[in-house]
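Reading through the structure tokens given below for one structure.
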Amino acid sequence: MGKLFRKLVPAPAGAGTAGGAVGAERPGGLSARIHDILHANATLGPLFVLLLAVLIFTVAADGFLEPANLSLIVQQVMVVGTLGIAQTLIILTAGIDLSVGAIMVLSSIVMAKLSADQGVPGLLALLIGFGVGTACGLVNGALVTRLRLPPFIVTLGTLNVFFALNLYYSKSETVRGVDMSDLLLWTGNTISFGDTKITYGSLIMLGLFVAFWWVLKNTAWGRHVYATGDDAEAARLSGVRTDRVLLSVYIVAGLICAVAAWMLIGRIASASPQAGGTANLDSITAVVIGGTSLFGGRGLVVGTLFGALIVGVLRNGLTLAGTDVLWQDFAVGVLIIVAVAIDQWIRKVKA
Amino acid sequence: MTTNGVTPILEARGLVKRYGHVTALAGSDFDLRPGEILAVIGDNGAGKSSLIKCLSGAVVPDDGEILLDGKPIQMRTPIDARAYGIETVYQTLAVSPSLDIADNLFLGREPRAPGVLGKVFRKLDRGKMRAEAKRQMSELGIMTIQDITQMVESLSGGQRQGVAVARAAAFGSKVMILDEPTAALGVKESAHVLELILKVRDSGIPVILISHNMPHVFEVADRIHIHRLGKRIAVVTPKTHTMNEVVAIMTGAAEPGAVGYDQVVKDAEREDPAHVAEALKTTTTKED
Amino acid sequence: MRGLGRRTSRMAAVGAVLALTAGFAACGDDEDEGGAAAGGDGEKVGLITKTETNPFFVKMKEGAQSKASALGLELQSFAGKKDGDNESQVAAVESLIGAGAKGILITPNNSSAIVPSVDKARQAGLLVVALDTQLEPPDAADATFATDNYQAGLLIGQWAKAKFEKEGTEAKIAMLDLNPEGVSVDVQRDQGFLEGFGIDVGDNTKIGDESDPRIVGHDVTDGAEEGGRTAMENLLQKDSGINLVYTINEPAAAGAYEAIKAAGKEKDVAIVSVDGGCPGVENVKKGIIGATSQQYPLKMAEMGVQAVADFAESGEKPQPEAGKEFIDTGVTLITDEPMDGVESKDTAFGLENCWG
């Protein structure tokens, strides 16, 4: 079996050829081969899990593999997927953002209320909402880079602050879609490809993934994000302005959260101050399952898409198969642990 | 100030640096001549790391001046130093493990692709980066790395050293500072790095080599700057002194006025008597 | 290096943050200290809700506040940080005992875990009234003012049954519950609905043990729009012929409606719910929700405050109706499609009496 595998999967370039690249205990053969491949491509693991899950549910649940259902899953992960992009950027810099959900809800309430209560034209309300999200990101970034507090602590604090602002401004009331400009609800409108329908919001999400994949790979800023997360001191000594990079990452993340807010309104046709309760953790889950390392500097943004899809597939598939809701949470929990364990194993490189 | 008509490329006079009550540099001098490898040695606490930090822009001295090609310069950050062409390879190497070799080489100075893609979307010119990286690495004779697209973390310590050195040499630098380059390496890899250092010098870039490793120093250095108690107390050469003598001067077990020292002083006197007299005044001698 | 400059700017930043926090605290809730001297002796009464954010509790607090002012009592309100947060409520009870309050109104996050604190309060001579959710055991509180959630479910179930019999259609039912934890309100509404519809519920303290083929499936919503939408989508995928949807509350119903609308089935599916909040009643009026059971948080709070006032004056404690463990604050079926045999009121009534 090992020989066959080796024939099918050629050795990745470079790995193992440099003298003593992987030190001490290297269990030979298959395990090491998988390690090297996964090391070179952190997203293969999640992709494999995703395909496996799709396969299992195609068999176990009726109607899973229909285009309509698959399109549905993409729509269901639309909001978390977008938040996941923001979270990926921050986690790549070895930080974490616990306030993404709160930023999203605050932005959604602001844009919705401006449109519904004050009659602000849709586009302007939308842009102001984006502005709010960006400003929240700026606050996070400024606190992290100027006060030098750990991102976990900063965003734990701002999570509460943004949430309180949200409740204050909304008076705990939901803003209904019918009262808002149609533009705010546009992300929930569907476009048909043959028989299947998909929402504009999902297309935006997919577009954002492609855009950020490109930016992280092909621009200096993208490379600096990785360098800062991997070894901030080394990056700084190399001439990377790590403070600026960090600040810009948080600002961009805030803007993305505001875009997610727009999608949320489209999905639930309203803006609710109680929404997005689990969004923070869900976004982190998607990132972690998607193969991005919590220690920074490693992982691809497309992995987060896989991570979000995996969770979506699980929830959808388990419901279709009629299993108790308890098992959905159980399965997600197990996946997280497995993903982090694999990440630790992959990270082990002794040069 | 020229000696024998040769302007030192990098010179420092009377550098002072205090950290609270501790004086790390007490009026230290320094000069680096074109085309040479100058080793800087000194015991722990002698102040040599402070000296190097001043020269590489990591620290601003409290007093004294630094001259590049005879002109005074001010450096507030390592980036300023880089702008002047003073490149430093730190002990920790400062390479990004998760980026590939080409990315690391150009970190902080990435070239953009031509046209719209480059200007508007800021796309990097990957092809150019790779080609250039390959060229630099082969010029320096770092042949064992097969693939420029490898992540740096899969390289051995010596190879990473190679990447860091190539990076320092690649951008038209005037001076290269190497901080303990062989400290973490085994025998074979150290030999490669020393070869590399000679290549760098031969390509026209003078090198400041900080090292604790006497055999390595004696192998490649043209001159040896000995630092002690916050000052430069002697400049000797491997030809005029033995390793033991150099160590003795460094630790204060012997006066600079040991065998061979006078010869160097006489040479210097011929070139610039006033400067030598100054230097002799500030040189410590062992009190009996 | 910019040593001094950096430190100064850091201090300035910290100072700014502190100033901001102080500012927020200063212009924070003045309403908590609602002591009006309108006749009463300014006795204290405490209100501890599950959370601060749910409009249900916001309304409850408003009701308590106005009643307290009218009676001349001082209301001090507290809340858990989130659903299920018992610790904050325990701390609140202790604060109230210490403040010398005469009575405590509480919607417990954890009906059994709060009992020791409640006992302490009663021993200290305070009247403890449970609102909306009973304690475990129910007599741990001096009285309970609550909605009969089972009745609430029963009413909408009966309405749905009558509707489907009238139209002669076979029902395919989707059950959108709260969460997997088996909270009493979740179980009671779910089982009440099924019994009202005429389905054998088996053990009526458990969700999901029914075997009637008309039930397509259960899913959870967290009582919010997002959850409602996702749950509805998934169940529709399971069986696109669903024509009756039970929802735990109106936000979940709103989300479910979005899913149904996206599938183009608004005309084919009837949604029923519980709550009677103003947005929900609006939805009934619009035809989004077929019928909803309206409950009265304001009434609960007012009756609770009154009970504490009475207790403070005369030591008299409220008594429930015979046979019931709690004092029923009433449930009204709100619908614009009245069915024979099921008493209901229309949305005009609903809007006059709604909350939120």
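The values are calculated or read from the model by the stated rules, or taken from the named source; none is laboratory data. Here the structure is a predicted model, which is why all the values come from computation and not from measurement. Neighbour counts are summed over all protein chains in view; Cβ atoms, including those assigned to glycine, are modelled from backbone coordinates with ideal geometry.
So the values come out like this:
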read-out: Residue satisfying all of: in the stretch A:101-159; more than 13 Å from chain C (Cβ to nearest Cβ) and outside any helix (DSSP H, G or I); surrounded by the fewest Cβ atoms within 10 Å (Cβ to Cβ) among these; value: A:Gln118
read-out: Residue within the stretch A:260-268 that is modelled with pLDDT of 90 or more and under 13 Å from the mean Cα position of the chain (by Cα) present; value: yes
read-out: The one condition in (1) in contact (Cβ under 8 Å) with a residue 60 or more places away in the chain; (2) closer than 19 Å to A:Glu173 by Cβ; (3) not assigned by TED's automatic domain parsing to the domain that holds C:Ala64 that C:Ala301 fails to fulfil; value: (3)
read-out: In the stretch A:320-337, the residues that are aromatic (Phe, Trp, Tyr) and closer than 18 Å to A:Phe64 by Cβ; value: A:Trp327
read-out: The one condition in (1) β-branched (Val, Ile, Thr); (2) without any contact (Cβ under 8 Å) to a residue 60 or more places away in the chain; (3) buried (at least 21 other Cβ atoms within 10 Å of the Cβ) that C:Val45 fails to fulfil; value: (2)
read-out: The stretch B:88-101, subset facing chain A (nearest Cβ under 10 Å) and not β-branched (Val, Ile, Thr), residue nearest to B:Ser211 (Cα to Cα); value: B:Tyr90
read-out: Residue among A:Leu318, A:Leu294 that is surrounded by fewer than 21 Cβ atoms within 10 Å (Cβ to Cβ) and of a type outside the set (Asp, Glu); value: A:Leu294
read-out: Check on B:Gly70, at positive phi, touching a strand residue (DSSP E or B) at 6+ places or on another chain (Cβ under 8 Å), surrounded by fewer than 16 Cβ atoms within 10 Å (Cβ to Cβ) and not acidic (Asp, Glu); value: yes
read-out: Filter result for C:Gly280 (within 20 Å of the chain's Cα centre (by Cα) and not assigned by TED's automatic domain parsing to the domain that holds C:Gln76); value: yes
read-out: Count - residues of the stretch B:147-191 that are of a type outside the set (Val, Ile, Thr), facing another protein chain (nearest Cβ under 10 Å) and part of a helix (DSSP H, G or I); value: 10
read-out: Qualifying residues in the stretch A:47-70 (those that are surrounded by 19 or more Cβ atoms within 10 Å (Cβ to Cβ) and within 14 Å of another protein chain (Cβ to nearest Cβ)) - the one nearest to A:Leu305 (Cα to Cα); value: A:Asn69
read-out: Residue, farthest from A:Val225 (Cα to Cα), within the stretch A:275-302, restricted to residues that are among the small types (Gly, Ala, Ser) and within 14 Å of chain B (Cβ to nearest Cβ); value: A:Gly291
read-out: Residues being under 30 Å from A:Leu167 (Cα atoms) and among the charged types (D, E, K, R) - total across the stretch C:299-356; value: 3
read-out: Which listed residue, of A:Val249, A:Val288, A:Val240, is crowded, with 23+ Cβ neighbours inside 10 Å and modelled with pLDDT of 95 or more; value: A:Val249
read-out: So A:Ile310, is it modelled with pLDDT of 90 or more, in contact with a strand residue (DSSP E or B) (Cβ under 7 Å, 6 or more places away or on another chain), part of a helix (DSSP H, G or I) and surrounded by 24 or more Cβ atoms within 10 Å (Cβ to Cβ); value: no
read-out: Identity of the residue in the stretch B:112-146, touching a residue at least 40 places away in the same chain (Cβ under 8 Å) and within 13 Å of chain A (Cβ to nearest Cβ), that ends up surrounded by the fewest Cβ atoms within 10 Å (Cβ to Cβ); value: B:Ile142
read-out: The stretch A:321-338, subset free of Cβ contacts under 8 Å to residues at least 24 places away in the same chain, of a type outside the set (Val, Ile, Thr) and more than 9 Å from every other protein chain (Cβ to nearest Cβ), residue nearest to C:Val216 (Cα to Cα); value: A:Trp327
read-out: Within the stretch C:57-80, tally of residues that are touching a residue at least 40 places away in the same chain (Cβ under 8 Å), out of contact with any strand residue (DSSP E or B) (no Cβ under 7 Å at 6 or more places or on another chain) and closer than 20 Å to C:Ala146 by Cβ; value: 4
